[in-house]
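Contents: one structure, followed by commentary.
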Amino acid sequence: MASTDLPPPPRCTANPAPIRPADSIRRTTSIDVSWPDGPEAERKMVGRARDVLTPAQGGAPHVLAQGEFRLRMKEDKTITAIAADPDPGGVATLVGERGGGHLRMILAERVPSLIETGAPLYLVLDDISGTALVSAFAWSQWYPDWAAKFRERMGEGEMAKMMEQRVNVCWGLQEGNSGVRPEGPPDNVADADAGELRNPADPEGWHHFHEEEGPGFRRARRIDVTRDEAAGVLRIDSAFQDSAKQRSGGRVAIHEYLLRATVDMTTREILALEPEARILPFSECPGAVHNVSRLLGRRIDEIRDDVLAQLRGPEGCTHLNDALRALAEVPRLASDLREPA
């Protein structure tokens, strides 16, 4: 179907986050990006992640684990400095590496303990690549002519090459789609109010975000896990959003998904997956949700590999894939929920 025949892309946030369910585990992660020395200088990333337990009677959350990293990155995505707290060892060896899909393989080699233990720090380190890819859009929210200047700085030849390289990298950017036309993508790819992640009725539902002056980008995730003993399943409610600060105040989102899942408590089989596209840049993008059904019947703890096998390239949405991959540690999170006596 031609993009002109498709409805407009979804542009309605689900924020704020729901109040933490009683007797649940919540994992939240964020990466905040800033450019202290200007758009052509190094970007600064501060990533934070936290796991909390909300008791059966509700109330204040109990922090189970948390982590943070700080890094500097060149415009070409080369990491020039990085430190993590807690430091699992091996993080400093990421200096000189570039943000991209291969960085995840390097993480698996150099900080395997984070994956083995399901540490929240791993998920936010895993998000470095996606954040590096998308975060520069924050400048378009600060300077209306940023996109035109970016094209001018690159030159028409390099711009055309970049657009060619984007073709078929994901469902929304398949050949012929609006986001990869020779004349460039539509101008209004990001105009949705991002809302507030933090629910005023549950201010402790999110960790503290890093804030800086000037243009800024944020990638945020939330995963809630509860046990349904009567049905013998784990119930998962998760959310993902990419947003940028506006000079006038508030934030604009370019990507947002909700993702709900049901998993057999014993076998870890995925029984249900319900992705919901809330904010996306192009009309073709929402179609990617249909292929998610390929993961039904697979094990949740193997979802990282299954996503790569089943939803690679134009078979899936890069950002939805990452939201799915983030569920791999659900069994580890659920283990912190006490079984009834």
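Taking the conditions exactly as written (within 18 Å of the chain's Cα centre (by Cα), modelled with pLDDT of 95 or more and not in a loop (DSSP other than H, G, I, E, B)), does residue 25 satisfy them or not?
So residue 25 does not fit the description; no.
Is it the case, given these coordinates, that residue 52 is touching a His at 6+ places or on another chain (Cβ under 7 Å) and more than 19 Å from residue 335 (Cα to Cα)?
So residue 52 does not fit the description; no.
Out of 304, 294, I need the residue that is over 16 Å from the mean Cα position of the chain (by Cα), surrounded by fewer than 23 Cβ atoms within 10 Å (Cβ to Cβ) and either touching a residue at least 12 places away in the same chain (Cβ under 8 Å) or assigned to a loop (DSSP other than H, G, I, E, B) (or both). Which one?
Every option except 294 fails the conditions.
Residues to consider are 58, 90, 118, 101; find the one that is within 21 Å of the chain's Cα centre (by Cα) and on the phi > 0 side of the Ramachandran plot.
On inspection, the qualifying residue turns out to be 118.
Would you mind stating whether residue 39 is exposed (fewer than 12 other Cβ atoms within 10 Å of the Cβ) and either within 17 Å of the chain's Cα centre (by Cα) or under 30 Å from residue 190 (Cα atoms) (or both)?
no
Taking residue 17 as meeting all but one of (1) small (Gly, Ala, Ser); (2) part of a loop (DSSP other than H, G, I, E, B); (3) over 27 Å from residue 276 (Cα atoms); (4) touching a helix residue (DSSP H, G or I) at 6+ places or on another chain (Cβ under 8 Å), write down the number of the exception.
(3)
Among the candidates 116, 68, which residue alone is acidic (Asp, Glu), free of Cβ contacts under 8 Å to residues at least 12 places away in the same chain and closer than 30 Å to residue 337 by Cα?
Answer to the selection: 116.
If you take the residues of the stretch 42-73 that are outside any strand (DSSP E or B) and touching a Lys or Arg at 6+ places or on another chain (Cβ under 9 Å), which of them is nearest to residue 123 (Cα to Cα)?
Among them, the one singled out is 61.
Kindly state which strands (runs of 3 or more DSSP E) lie completely within the stretch 225-291 and contain at least 1 residues that are touching a Pro at 6+ places or on another chain (Cβ under 6 Å) and either buried (at least 23 other Cβ atoms within 10 Å of the Cβ) or touching a residue at least 24 places away in the same chain (Cβ under 8 Å) (or both).
Because the criterion is at least 1 residues that are touching a Pro at 6+ places or on another chain (Cβ under 6 Å) and either buried (at least 23 other Cβ atoms within 10 Å of the Cβ) or touching a residue at least 24 places away in the same chain (Cβ under 8 Å) (or both), the strands (runs of 3 or more DSSP E) in the stretch 225-291 that meet it are 251-264, 270-279.
With the requirement that a residue be within 12 Å of the chain's Cα centre (by Cα) and closer than 19 Å to residue 133 by Cα, what does the stretch 312-332 give you?
317, 318, 319, 320, 321, 322, 323, 324, 325, 326, listed by residue number.
Return the residues of the stretch 77-95 that are outside any strand (DSSP E or B) and either of a type in the set (Lys, Arg) or touching a strand residue (DSSP E or B) at 6+ places or on another chain (Cβ under 7 Å) (or both); say none if nothing qualifies.
Passing the criteria: 77, 86, 91, 92, 94, 95.
Please work out which one of (1) more than 29 Å from residue 251 (Cβ to Cβ); (2) modelled with pLDDT under 95 is the condition residue 270 fails and give its number.
Checking residue 270 against (1) more than 29 Å from residue 251 (Cβ to Cβ); (2) modelled with pLDDT under 95, the one that fails is (2).
Would you point out the residue of the stretch 68-90, among those that are surrounded by fewer than 17 Cβ atoms within 10 Å (Cβ to Cβ) and of a type in the set (Asp, Glu), that is farthest from residue 102 (Cα to Cα)?
It comes out as 85.
Restricting the search to the stretch 113-161, which residues are part of a helix (DSSP H, G or I), charged (D, E, K, R) and at pLDDT 80 or above?
Listed by number, the residues that qualify are 116, 126.
The values are calculated or read from the model by the stated rules, or taken from the named source; none is laboratory data. Because the structure is a prediction, the values reported are computed rather than measured. No Cβ is skipped: glycine too gets one built from the backbone with ideal geometry, and neighbour counts run over all protein chains shown.
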